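What follows is a single structure, written as structure tokens, with notes after it.
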Amino acid sequence: MEIKKLTQEEVNGTLWRACDTFRGKIDSAIYKDYVLVMLFIKWLNPHKTGKSRCFKEVQPECLIEKVYLSGETFKYLGNQYRLKVIEIGNGIKNEFEIEDENEVGECVKYFRGYIYLYVKDRNNYKRKQKLIHDWYRGKAHQKFWESLERVYPYVERYGVGKPDIQIRTMKARWGSCLLNDKSILLNSELIKAPKLCIDYVVLHELIHFKHENHDSNFYDFMTSLMPDWKQRKEILDEEVVREL
């Protein structure tokens, strides 16, 4: 009898469904080891098949869900940081003394090379997911505006008005110029890229207010303002997309 060869996508799907089955039903230490093996499989597949060349080609293959356990890595501004999940409650507060009537000390903090996730119930997957998601969104809003402040002076002298920033999760692009809205739309996943790559994307979208199409005028202007933009783009496509 011929044995059907499974695709990597089918293997990954089976493994992560098993994770969902075990979550909350076995000892947390054993579960963590199991998940770390799954994360290694996630890392192994893109390295075996070669580096990714295009955001569109890579993104659908990298949507493996995080499980929010201590030891898992999360990317922020170009670096990988390990997560530390700390359960609070019963008089135990987080070390940052952050409390309000709604959150009761639950928060996410980047501190001394780690991302700390303070949560009342370490087994509440959806709560942990929301806290991390909200933290990323808040950091994206802050860092994207800081980037705009850095690179806007490059184009201000050429009569480009200062746009607003919108943030959205997108599957096939890092950013988009919304001419009619006088704003730029940035991918929330860009917060995982180095600042120099964020600056590249922001400047790219700003230049569209001057040159709408990707023609020679656009790229000549881009090169005059940011001579190393190709290297920044390569970092974005080769190093950042691969880890999403």
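Looking at region 193-241 only, could you name the residues that are aromatic (Phe, Trp, Tyr), in a helix (DSSP H, G or I) and touching a residue at least 12 places away in the same chain (Cβ under 8 Å)? Even if it seems obvious, please write down each step before you answer.
As a first pass, look at region 193-241 and keep what is aromatic (Phe, Trp, Tyr): 200, 209, 218-219, 221, 229.
The next check asks that each one be in a helix (DSSP H, G or I); those that pass are 200, 218-219, 221, 229.
TYR200, PHE221, TRP229, listed by residue number.
What do you reckon, is TYR152 more than 22 Å from GLN231 (Cα to Cα) and of a type outside the set (S, T, N, Q)? Answer is no for this residue. The listed residues are HIS204, HIS208, and the only one of them that is crowded, with 21+ Cβ neighbours inside 10 Å, closer than 23 Å to ASP164 by Cβ, more than 14 Å from the chain's Cα centre (by Cα) and not β-branched (Val, Ile, Thr) turns out to be HIS204.
Among the residues making up region 111-165, those that are assigned to a helix (DSSP H, G or I) and among the polar types (S, T, N, Q) are GLN129, GLN142, SER147.
Just the residues that are of a type in the set (S, T, N, Q) and in contact with an Asp or Glu (Cβ under 9 Å, 6 or more places away or on another chain), please, taken from region 131-178.
Those that are of a type in the set (S, T, N, Q) and in contact with an Asp or Glu (Cβ under 9 Å, 6 or more places away or on another chain): SER147, GLN166, THR169, SER176.
Listed conditions (1) among the hydrophobic types (A, V, I, L, M, F, W, C); (2) under 13 Å from MET222 (Cα atoms); (3) in a helix (DSSP H, G or I) are all met by LEU190, apart from (2).
What about TYR154, is it in contact with a helix residue (DSSP H, G or I) (Cβ under 7 Å, 6 or more places away or on another chain) and either modelled with pLDDT under 95 or aromatic (Phe, Trp, Tyr) (or both)?
On the way: in contact with a helix residue (DSSP H, G or I) (Cβ under 7 Å, 6 or more places away or on another chain): yes; either modelled with pLDDT under 95 or aromatic (Phe, Trp, Tyr) (or both): yes.
Yes, satisfied.
If you go through region 166-177 one residue at a time, do you hit one that is assigned to a loop (DSSP other than H, G, I, E, B) and farther than 21 Å from HIS133 by Cβ? Outline the logic, then answer.
Applying the first criterion (assigned to a loop (DSSP other than H, G, I, E, B)) to region 166-177 yields 169-174.
Adding the requirement that they be farther than 21 Å from HIS133 by Cβ leaves none.
No, region 166-177 contains no residue that is assigned to a loop (DSSP other than H, G, I, E, B) and farther than 21 Å from HIS133 by Cβ.
The values are calculated or read from the model by the stated rules, or taken from the named source; none is laboratory data. Treat the numbers as computed from the prediction; the structure is a model and nothing was measured. Reconstructed Cβ throughout: ideal geometry from the backbone, glycine too, with neighbour counts over all protein chains shown.
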